[in-house]
Amino acid sequence: MDFDGAMAHAKVWLNGRYVGTWPYGYNSFRMDLTPYVGEGENVLAVHLDTENRESRWYSGAGIYRHVWLVRCRPVHVAHWGTYITTPEVSDQKALVRNEITIENYKQLPVEARLVTRFYELGADDVAGKCVAEKNSTVKIHACSYEKAVVEVDIANPKRWDITAPARYLARTQVYVGDELTDTYHTSFGIRTIDFSASDGSVLAFVSLSICDKNGLVVPRSNPQICFSVERQVKLSLQITVTRSTLYLSNVMNVVPTMVMLWLLSRPRRVRRAK
């Protein structure tokens, strides 16, 4: 179960059995419910407490963002399990490196086959032309995980910049034998940022500080605030936040800005195969 935000000191039970605690109210978090699920109806309980854990001023309370039930097969891409970088970029080609973490919840070791295809991604999040493909295999011990590194060259890459936020989609499919066990999508942009002692950064950043009233630091759920966030992001060249939410990440992916995020999470919610 993924919680995009719960204020604060969340304690989770399923069917009367304690699952875990997440103390910080601003971060998204995941609770693994697998050992506690029973047949038929299941009851999830979440207790939140702000009485002795308020921050600088009253910051609201409760489950203030989306909650997602994620169903996975035993062999799957881990939570936030892809890490994509573009270590080499030129007008002729870009080297794309995708580090993929695969989890095996089975009691036996498995050999997983990974098929990763890279597509151009439109502004409407619809995948277009396939520009690269790579197959690989990874052996995973029982109840463990392993990482696989996929590297491809994309010819004549469309760069993500402040005037044309071009994006790509990496679609990773996991097979055990002939069975498709997972499909994991990760959107990304091909770009570079250079800094030097003599020239500074290659881009002149304009800093914009967005505080409590607009919902980036303190939780809010009012749709008008979301529109305010989107408007301010469009007006900025840099925005620094402590944590990304799903909505904010999507906004930053598509509006024509140079966004620098200090994040601990992956920027996109994945869509899995049924």
For region 159-178, the count of residues that are of a type outside the set (Lys, Arg), in contact with a strand residue (DSSP E or B) (Cβ under 8 Å, 6 or more places away or on another chain) and within 11 Å of GLY189 (Cα to Cα) equals 5
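One line per residue, one yes/no per condition, for (1) assigned by TED's automatic domain parsing to the domain that holds VAL174; (2) more than 25 Å from the chain's Cα centre (by Cα); (3) over 16 Å from GLU151 (Cβ atoms):
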position	(1), (2), (3)
ASN42	no, yes, yes
ALA61	no, no, yes
HIS79	yes, no, yes
THR82	yes, no, no
ALA94	yes, no, no
GLN107	yes, yes, yes
GLU111	yes, yes, yes
LEU114	yes, no, no
ASP124	yes, no, yes
What is the residue count in region 87-132 for residues that are surrounded by 16 or more Cβ atoms within 10 Å (Cβ to Cβ) and of a type in the set (Asp, Glu)? 2
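The values are calculated or read from the model by the stated rules, or taken from the named source; none is laboratory data. The structure displayed is predicted, hence computed values, not measured ones. Note: ideal-geometry Cβ built from the backbone for every residue, glycine included; neighbour counts use all protein chains shown.
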